[in-house]
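Derivation of every value follows stated rules applied to the coordinates shown; laboratory data play no part. These numbers were taken from a predicted model, which means no experiment stands behind them. Don't worry about glycine lacking a Cβ; one is built from the backbone with ideal geometry, like all the others, and counts go over all protein chains shown.
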Amino acid sequence: MQALEQQGVPMPFGALAELLAVQGDKPRKALRRQLQRLVSGGQLLINRQAEYCLLKKIDAVTGIVSAHPDGYGFLQPDDGSTDVYLPFQEMRSLLHGDRVAVRVGSTMRNGKYAGTIVEILERGKQAVVGLYQREHGVGYVVESGRVPHTFIVPAHQRGDAKSGELVKLEITEYPSARHEAQGKVVGILGNPDDPGMLTDIALEQFEIPTEWNTATRAAAQALGDRVRADDKHDRVDLRDMPLVSIDGADARDFDDAVYGERSGDGWRLVVAIADVSHYVPPGSPLDSEARQRGTSVYFADRVVPMLPESLSNGLCSLKPNVERLCMVCDLHLTEQGKVTQSRFYRGLMRSAARLTYDEVDRLQREKSNPAKLKGFKYISQVNNLYGVYKSLERARQRRGALDLDLPEVAIELNEAGQIERIVRRVRNDAHRLIEECMIAANVEAARFLRKHRLATLFRVHDGPEPDRFDELRLMMQTLGISIPEQARKDPLHLNRVLQKITERPDYASLAVAVLRSLSQAVYQPTNIGHFGLGLSNYAHFTSPIRRYPDLLIHRGIGHIIDGNKPGAFDYDAAAMEQAGRLCSMLERRAEEATRHVDARLKCVYMLERIGDVLPGVVTGVTHFGLFVTLDDLYVDGLVHVSSIGHDYYHCEAGGLRMTGERTGKSFGLGQAVQVKVIRVSIEQAKIDFELIEDAAASSGRARPRKRAGRRRRAS
């Protein structure tokens, strides 16, 4: 940086290496890696002449382009500063996901400064998935997804694609101010209405890797399928401790196992986590692949794992009655849930049992009936874990961690891959028990690494942004609900408001409004605490099989407990900063891909219900209509304002109600309605309803709210 400052001009790598007297392959590779970190950190950029430039010299901001369906976009800066508005003329040469350098101007739109493109640093995609169409002799592909870019397909590059088929398109020419983007069909995916295609399409569209390269497969195979004798040395032997795993009935990878017992006037909790770091060293083929994936991705019909299945479902999975290596958080807590001491160590375990949430919940509910529990060996263990849970729950209530009582649904498929039904996920205390145990271990991991001043990744969650919080307060105030100013900094105050409104018919909509006012949780080396959980220290430690940040946390803890100095760790703050941005991006990609598929599966499910009249509740009000969620089916759709009736309808009270100018008919959040399914678009993931007049709709009465089956908690 100093050398570039002194030279005063952009410099190519060779000249910069010569200036710094860096010679030899290894030093030059090290220099290139460091320069790449500076580029990723937004301090340097590489221009079209492959020269390194000081960003401050060209008054530019680097970041990722987020395109809007209406043609404009925003730059999301690398440094986390406020988004920069990109007008239509700037977006003509860009695609969603491109990395660019932008010069910020003085004009503003919606409170954001407008920018002009200085340099396109990196294209965000090399291929797209979309619908091939041919009209008037011209072939083109409209990209699937939220931002439908159009790509011209010359006749000689369409292959065997037919109009109306979904295809994979390799981009051959990117858009410019004068020319449309072009592409070449490299794969035909099939009929867009086939439910079995939806996950395949999402995998292509979101560029989620599904194949293992030769080196990764060989590395996984070389580890075998059982713990080797040499790997058992220098570990605490927990094989006689009755650790149990508690997961969903369909779970296949078991990250964690727990044990609880009385300890004085409090509890001892042992959380054993699969020691993935032992098998996946930094820089190995397995590590490179895991870093590229970042997380396992869960779809209705399959799982795309972060690690090969021989590890994720085999050698690392804490299956019952087999020896496994583990990393252990062993802690003591009071009846009030305060942790008085904790330690980490490497262990050797043998899980005593694989239990399910429903099984554990039933055992706890029936504990007063000994006859029903006859023959179950682990009832005392389950009782102890519930004692631990109650202590941790007291601490949770005391600090005011957010509990958003929102329903969550699951799409169940039959053996043929067709949608069997859409059901509400039922969440019980067994889920919360494991959740609280995992949170306790995550907190201790963050404290441990912070105490030893080791570069690491915290899981951080900032409080609501001031403008979003003000919008939320104004909306709630319109409904007569007061939110104190302290709620922006302290979740305890926000949680009290949520508890007061749980019985309102519009609770689900209001809870979603609260959720949208919050910042997004991310991974970063700078610790700012976790607002949603009400915690000052938090890291992800408990799922290294399926999350890369947890693997990094394990490496950090292992580095310290093995007696190494913090300065000798493989990662510094800059490396963790880069890893945090990558992991946060890959987490968002996985979430978007899952939502993309789920939304379209719901559309497939509703195709056979076109013409049906179904009950629902108003969950959103806009100037163009009402959003309605169907009872029992948990599917959302739109009642367009033009189909409500012969009247001029106006959105009132900040988007809480719609009222007819002539008739005075009114529709508000939480109101019960009857709707007819009139149109379904799988490609656009849209369902259109038509309002059917009935007593509940015309009178404005609201149906009492059903208790939600799941309480959404921050993580």
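A few comments on the model shown:
- Burial order of peptide ranges 682-690, 281-289 (average beta-carbon count within 10 Å, highest first): 682-690, 281-289
- Computed lengthening from THR478 to ALA410, 0.36 nm per intervening residue step minus Cα-Cα distance: 21.1 nm
- Violating pairs (Cα-Cα greater than 21 angstrom) within the set LYS338/LYS390; LYS500/LYS665; LYS162/LYS686; LYS125/LYS184: LYS500/LYS665; LYS162/LYS686
- Pairwise Cα distances in the range 2-56 exceed 15 Å for 44 percent of all pairs.
- Cα gyration tensor, the range 584-666 - rounded (a/c under 1.5), prolate or oblate: oblate
- Karplus-derived 3J(HN,Hα), 6.51/-1.76/1.60, for each residue of the range 298-313, Hz, glycine and proline x: 10, 10, 5, 10, 6, 10, 9, x, 6, 10, x, 4, 5, 9, 5, 9
- Working note: 222 nm ellipticity from helices only, DSSP H runs with n ≥ 4, each -39,500 (n - 2.57), summed and divided by the residues of the chain, gives -9000 deg cm²/dmol to the nearest 500.
- Between ARG343 and THR356, the modelled label-to-label distance comes to 3.8 nm, taking each label 7 Å out from Cα in the direction of the beta carbon.
- In sequence order, calculated HN-Hα J values of the range 551-564 (Karplus, 6.51, -1.76, 1.60; Hz; x Gly/Pro): 5, 5, 5, 4, 5, x, 5, x, 4, 6, 5, 7, x, 8
- For the range 179-204 versus the range 468-498, the spacing of their alpha-carbon centroids is 44 Å.
- Calculated log₁₀ intensity ratio I(q)/I(0) where the Debye formula runs over C-alpha points of the range 98-212, q = 0.15, 0.24 Å⁻¹: -0.74, -1.34
- Estimated FRET transfer efficiency when R0 is 41 angstrom, pair ARG450-ALA155 (beta carbons, to 0.05): 0.10
- For Cα extents along the principal axes in Å, calculated from these coordinates, the label among (1) 78, 78, 60; (2) 77, 72, 54; (3) 86, 67, 64: (2)
- FRET efficiency estimate (nearest 0.05) - Cβ-Cβ, ARG609 to ARG662, R0 30 angstrom: 0.40
- Measuring nothing but alpha carbons in the range 431-508 and taking Rh as the Kirkwood radius, the Rg to Rh ratio lands at 1.11.
- Applying the Karplus relation 6.51 cos²θ - 1.76 cosθ + 1.60 with θ = phi - 60° to the range 573-584 yields 3J(HN,Hα) values of 4, 5, 5, 5, 4, 5, 5, x, 5, 5, 5, 5 Hz, where x marks Gly and Pro.
- The length gained by stretching the chain between LYS565 and ARG399 to full extension, at 0.36 nm per residue less their Cα-Cα distance, is 56.3 nm.
- Using only alpha-carbon positions in the range 466-518, the gyration tensor eigenvalues give semi-axes of 16, 12, 10 Å once each is multiplied by 5 and square-rooted (largest first).
- Here the range 127-192 is described by how far its Cα atoms reach on the three principal axes: 33, 27, 20 Å, from widest to narrowest.
- Applying 0.36 nm per residue to the separation of LYS377 and ASP572 and subtracting their alpha-carbon distance, the gain on full extension is 65.5 nm.
- Prolate/oblate/rounded call for the range 216-336, Cα gyration tensor, a/c under 1.5 rounded: prolate
- As a calculated quantity, the FRET efficiency between ASP70 and LYS686 at R0 = 22 Å, using C-beta atoms, amounts to about 0.85.
- Within the range 15-33, backbone nitrogen closer than 13 Å to the virtual label 7 Å beyond the Cα of GLN2 toward Cβ: 20
- Packing, as the average of other Cβ atoms within 10 Å across residues, places the peptides 661-668, 114-121, 312-319, 468-475 in the order 312-319, 114-121, 468-475, 661-668, highest first.
- Overall form of the range 371-492 per C-alpha gyration tensor (a/c, 1.5; a/b vs b/c): oblate
- Model label zone, ASP79; criterion: amide N under 16 Å from point 7 Å along Cα-to-beta-carbon; scope the range 11-41: 38-41
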